[in-house]
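**Q** Would you mind keeping the following structure in view while I ask a few things?
The values are calculated or read from the model by the stated rules, or taken from the named source; none is laboratory data. This one's a predicted model, so the numbers in the text were calculated from it and none came from an experiment. Using ideal geometry, Cβ is built from the backbone for each residue, glycine included, and neighbour counts are taken over all protein chains shown.
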Amino acid sequence: MEKQNESSNISTVSLVKCQTYDNSNIEPAIEKALELIGGIKSYVKPGDHVLLKINLLTVDTKVRQIVKGTLLLAAVLVSSRYASKKK
């Protein structure tokens, strides 16, 4: 997700270290990264439809990298779905 800062053309980003690619570590890391940039609800409102476009594969991608990318995507999808859920 990219959010433009109103006073400039600088994007807001966050970086969070994830010790392992276990799902029990990925979800909290994604949540923390989202909170650092204002939380998922500052981007996704109830009733919104969300399309996430991610590139998981490249010519030299190993199976291990595909699994990591899929786990990260799943964590973001869960957060987006929760935020867009109608009250």
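**Q** Checking the structure you have, find out if any residue of region 74-81 is surrounded by fewer than 13 Cβ atoms within 10 Å (Cβ to Cβ), under 14 Å from the mean Cα position of the chain (by Cα), part of a helix (DSSP H, G or I) and modelled with pLDDT of 75 or more. Steps first, please.
**A** Of all residues in region 74-81, those surrounded by fewer than 13 Cβ atoms within 10 Å (Cβ to Cβ) come to 81.
Then keep just the ones that are under 14 Å from the mean Cα position of the chain (by Cα); that gives 81.
Of the ones still in play, those that are also part of a helix (DSSP H, G or I) are 81.
So of that shortlist, the ones also modelled with pLDDT of 75 or more come out as 81.
Yes, because at least one residue in region 74-81 is surrounded by fewer than 13 Cβ atoms within 10 Å (Cβ to Cβ), under 14 Å from the mean Cα position of the chain (by Cα), part of a helix (DSSP H, G or I) and modelled with pLDDT of 75 or more.
**Q** Only residues that are more than 19 Å from Ser80 (Cβ to Cβ) and surrounded by 12 or more Cβ atoms within 10 Å (Cβ to Cβ): list them for region 11-37, please. Break it down stepwise before answering.
**A** Of the residues in region 11-37, the ones more than 19 Å from Ser80 (Cβ to Cβ) are 15, 17, 19-22, 24-25.
Matches in region 11-37: Tyr21, Asn25.
**Q** Restricting to region 38-56, name every residue that is modelled with pLDDT under 85 and either in a helix (DSSP H, G or I) or surrounded by 10 or more Cβ atoms within 10 Å (Cβ to Cβ) (or both). Give the steps one after another, and end with the answer.
**A** Filtering region 38-56 down to residues modelled with pLDDT under 85 leaves 50-56.
The answer is Val50, Ile54, Leu56.
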